[in-house]
Structures are given as C-alpha cells and as structure tokens.
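Derivation of every value follows stated rules applied to the coordinates shown; laboratory data play no part. Computed from a predicted structure; not experimentally measured. We place every Cβ from the backbone using ideal geometry, glycine too, and count neighbours over all the protein chains shown.
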Amino acid sequence: MTDALVRIEALHKRFGANHVLRGIDLAVARGEVVCIIGPSGSGKSTLLRCVNMLETPSEGKVYVDGVELTDPDCDLDRARTSTGMVFQSFNLFAHMSVMDNITIALRKVLKQDRATAEAKATKLLTRVGLAEKAASYPAQLSGGQQQRVAIARALAMEPKVMLFDEATSALDPELVGDVLRVMRELAEEGMTMLVVTHEMDFARGVADRVVFMDAGVVVEDGHPDQVIGNPREERTRRFLTNVRDRD
Amino acid sequence: MSLSRRQRLRLARGGVYSATVAALVLILLAVDWGALGGALFKWSIVRDQFPDILTTALRNTVIFTIFGFIGGLSLGLLLAIMRLSSVKPYRWFAATYIEVLRGIPLLVTLLILGFGIPIATGWQWPNPYIQGSVPLALVAAAYIAETVRAGIEAVPRGQMEAARSLGMSYTRAMATIIIPQAFRVIVPPLTNEFVLLIKDTSLISVLGVTASTLDLARFGRNGVNDTANATPLVVAGLVYLALTVPLTQLAAWMERRSKAGRR
C-alpha cells in the first residue's frame, strides 16, 4: 500500500441530503490500470472527480503521489498538474485551436516557452493520429477526434495518473474504437489510469483491476476476469446481466 | 352576416390600412411644409452648425461615451465576477449595487454625484469630463454587469472544469478560458449598451457646461436659443443617428453571424 500512487481513505460525499459516496477506500498502484464500473448514479464519476478535487469530499482523504489533496493547506492548482482528466463531453476550449488547447496550460501553468510547448504538442498529436489537425478548431472535429485531442491535452502536462470519466459515452459507436485504442496504448506504456467506463470489453482486456460500485460503495474489487467473468456479488451479477442485455 | 374567419380578418386588415392612408393624406394636406421646413431644417442654420457641431459637440459626446464605456466595462466585469463569486458578501455587494444603480434614473444619479457629493464633502471634481464620465460609468457598469454575467453563464461548466483540471487557478481560467468565450456572446448586446451610452451622455450637461465641454444635445439646445429656430436640434439628432445607426446595424449583423456560426 505504501507505493500507491492514488490513495482514497474513508471518502464520503454528500450533495445536500443526497449521500453519494458512503465510505470509499481505494488504492491505485503506480502503473496500474483500474476500471470503475457500475450503474448510473452509483457515484463512480463523483469518486473520480474527488481524485482531482473537482468535487470537494465531505469526509475522508485523497492522496496523489504522496500529497494529501484534502489537506486545507494543499496547493490544489499545483497538485492538479499531477492528474490528467478526460471528460465525457471532451471540454476542449472552444475558442482555441487544437494547438492552443494543448499548449495553453504548458505555457500559462508550467511557464514553458511557446516553441517548447508546441514541439511537445506536435509530438502528442502525432501519437493520437491528429498531427494534421493542429490548426483546426474543436467545432471542426468529430467527437472522436475531439476526445483524442483532449487526451493529448491532458498528457501534455505529464501527469502521474490519468482519470477518464466515461470518455467514450458521448461518442457515436463507430468513433469509440479510435479513442479506446489510444487509451489501450497508454495503458501498455505503463501509465497509471483510473477509468470510469461502460466498455466491459475494454475493462476486461486492459484493466489490471476492476472495481464495481453501487449506491456509493465499492461492492467488488478484483481481477477483471473475476469481477466481470465470475462476480462474487449478486449486485455485480445483476448489473452485468443488464449491461449484456442492452448490447 | 356569414363571413368566414379569413374574410373577417381580411376586412379588418383592409380597414386599418385605409384608415392609415387617410390619416397620412390628411397630414400631408394640413401641414404647411414650407413653414415647417423653415423652422426645423433651415439650410442657412444647418450650415452654421458646422464645423463646431463636429469639432466640439461630437468630440465631447464621443469623449464622454468612451470614458463612460471603458469605466463601465471594467467595473461591470468586476461586478459580474463578484456576482458569480462563491463568497457571499461579494455577491450581496454586486447584487445591491446593480439593483440600486439600475433603479435610480441616470439624471438623479448624475445630480447626486455631480453636485451632491461636492456639496456634502467640500471635495471638487477635478474637471468636467471626469465629473460627467464617472457617474455615467458607474451606472453603465450596473447594466454591463448583467450582460457580462449572462455571457459568463452561457459558457458551459465543463470549460472551467477542464481548465482547473489542467492546474489553472480560478482567476487564470476566468481570464484565459471563460471571459474570452463569454465576450463572443456579449459583443452584440455590449454594442447596444454602447449606443445607449451615446444617448445618455446628453444628460451630462445638467451638471453645467463651458463652451468647450458642450455635448451634442446641449450644443443643439444652445443653437435653438441663439437662432429661435429648431434646426440646430434636428441637426444634432441627425449626428446622433449617424453614430448610432451604424452601430446597431453592426450589432445586428454580428448577432446574425454568431447565430449562423453556431448552427
């Protein structure tokens, strides 16, 4: 447990009377890929958003790379540079070109000069297969392309861990593959990843561990073949049956 | 009477139309156009307005407007951000400010600040441009703040979240991500705000003017006193239109373009 890159302890989150997270303990080791699955409303996105403090936990502690983000004295702006986040709705900056989307934080937060930042952005765009789109604006790209730019933007900051919040849920089915391929490559390169997803094949094929959440608690946590292939808990089994029926 | 609904509508429309035409014809016949033209638009007086109406009056109107707008925009931006702040006292202050200054007529605010403050404190406004522009800017800020707030709220939440997730501070995210996108939405309404301000400068002369600080409206009024003819005011009105019409057209064009762009 000591070399866990992300450590979540006794985490609770309430939105008014709505108790969304009810005591979560979770650790992600360096280089590990953990997929979080579960029905909508189970709190999995909220949990992910607590890891970079986009949501402030009501109770409990969150550590990333040894830094306690829930410490009131923590410099969150600085701490957030060690987590990269990819959103369901991409959230590319609509008024900026693809190049500027990737370089803006490098230049303004990490204070890199433009040439250094752009060289890095070009390398990352090539890697996600979009080198020729550097001058395009988000509105000119397909959802899948936008999401790959968003991944490049997050990677540019050289985060210690990547958080994916249903990164493929808003995409047309034929565009999902390209994004999943990029995520798979990232996992193979050893990136630490915490992935909230509905893609069971991806979870089974790529994850080192799968966490099943329901009603704000972790119900089951284990190897993908066990959690998805042969779940111990009745709730997990019911969820997986529903997911398969839908497909 | 068994008229269909459509027939009745057509009849009513025809009635209104012919009544309008009849009224116009009556006006055309009843009015002494020669006398009216002589009193409202007498060429010799029109010529006399120039060049002073441009070099003094228009210049002053533009100066008041620009000072008022720059001040109003800066303060309005600040108020909009305060209005959206998570800090309650900021929100309260901004909400009260906006409510109070939008609730009092500009004329009254001008008199309170322009005359009331010096009387109450013994402090004097350093010059008439500042004395006129500052109250104008303070009032404009209240209106602009609401426009800017609507623009900021129109930017999707995810933009702020993405910026924060990259390590940007709230202030930096506002300045580099949110405000620039908000401005795309609010440039047309801000242009209309600017047009209102041009017209509002006509009230500043209640604070008293010297020959060099005359604005368009006061210039026209003085002209009426000098000539016993309304032509100077009509010319002033036309100069206002020369300023405002292109701007409102520009705002409408930008609005159409941004709507087309979003589709």
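Below are the figures for this structure:
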read-out	value
25 Å Cα-Cα threshold exceeded, pairs from A:Lys61/A:Lys123; A:Lys44/A:Lys120; A:Lys108/A:Lys133; A:Lys44/B:Lys88; B:Lys199/B:Lys259; A:Lys13/B:Lys88	A:Lys61/A:Lys123; A:Lys44/A:Lys120; A:Lys44/B:Lys88; B:Lys199/B:Lys259
Two-site FRET efficiency, A:Glu233 against A:Glu158, from Cβ-Cβ distance with R₀ of 41 Å, rounded to 0.05	0.65
Check: the protein assembly as shown dipole with +1 on Lys, Arg Cβ and -1 on Asp, Glu Cβ, in debye	1760 debye
Dimensionless Rg/Rh of the protein assembly as shown - Kirkwood Rh, Rg from C-alpha atoms	1.15
Loop trypsin sites (Lys or Arg not before Pro), segment A:9-73, which have at most 15 other Cβ atoms in a 10 Å radius of their Cβ (DSSP)	A:Arg30
Cα convex hull of chain B - mean projected area over all directions, nm²	23.3 nm²
Within 10 Å of each Cβ in A:85-94, the average number of Cβ atoms from other chains	5
Of A:Ser42, A:Ser97, A:Ser142, the one that fluctuates the most in a GNM where chain A has Cα springs shorter than 10 Å	A:Ser142
C-alpha long axis of helix A:143-156 to longest principal axis of chain A, angle in °	80 degrees
Sparse-neighbourhood loop sites, GluC sites (Glu not before Pro) in segment A:158-210 - DSSP loop, at most 14 other Cβ within 10 angstrom	A:Glu189
Value of [θ]222 nm, deg cm²/dmol, for the protein assembly as shown, DSSP H segments ≥ 4, -39500 (n - 2.57) each, nearest 500	-18000 deg cm²/dmol
Whole-number percent relative contact order across chain A, with pairs defined as alpha carbons under 8 Å at least 6 apart	26 percent
Pairwise Cα inverse-distance average, inverted: Kirkwood Rh of segment B:161-263 (Å)	17.0 Å
Cα-only Debye scattering, segment A:74-177: base-10 log of I(q)/I(0) at q = 0.10, 0.18, 0.21 Å⁻¹	-0.25, -0.83, -1.11
Largest to smallest principal axis extent of the C-alpha atoms in segment B:1-94, angstrom	69, 56, 15
Charge dipole magnitude, Cβ of K and R +1, D and E -1 - segment A:1-101, Cα centre, debye nearest 20	420 debye
Mean projected area (nm²) of the alpha-carbon convex hull when segment A:129-247 is viewed from all directions	8.4 nm²
Choice from B:Asp226, B:Asp32, B:Asp200 with maximal GNM fluctuation in chain B (Cα, 10 Å cutoff)	B:Asp32
Peptide-level mean, for B:178-184, of C-beta atoms on other protein chains within 10 Å	2
Full-stretch length increase - A:Asp75, A:Asp208 - with 0.36 nm per residue and alpha-carbon distance subtracted	44.8 nm
Those trypsin sites (Lys or Arg not before Pro) in segment A:100-132 that DSSP places in a loop and that have at most 14 other beta carbons within 10 Å	A:Lys111
Gain in span if fully extended, B:Leu54 to B:Arg221, counting 0.36 nm per residue against the direct Cα distance	58.6 nm
Sorted largest first, extent of chain A alpha carbons per principal axis (Å)	53, 45, 34
GNM flexibility winner over chain B from B:Leu29, B:Leu75, B:Leu238 (Cα, springs under 10 Å)	B:Leu29
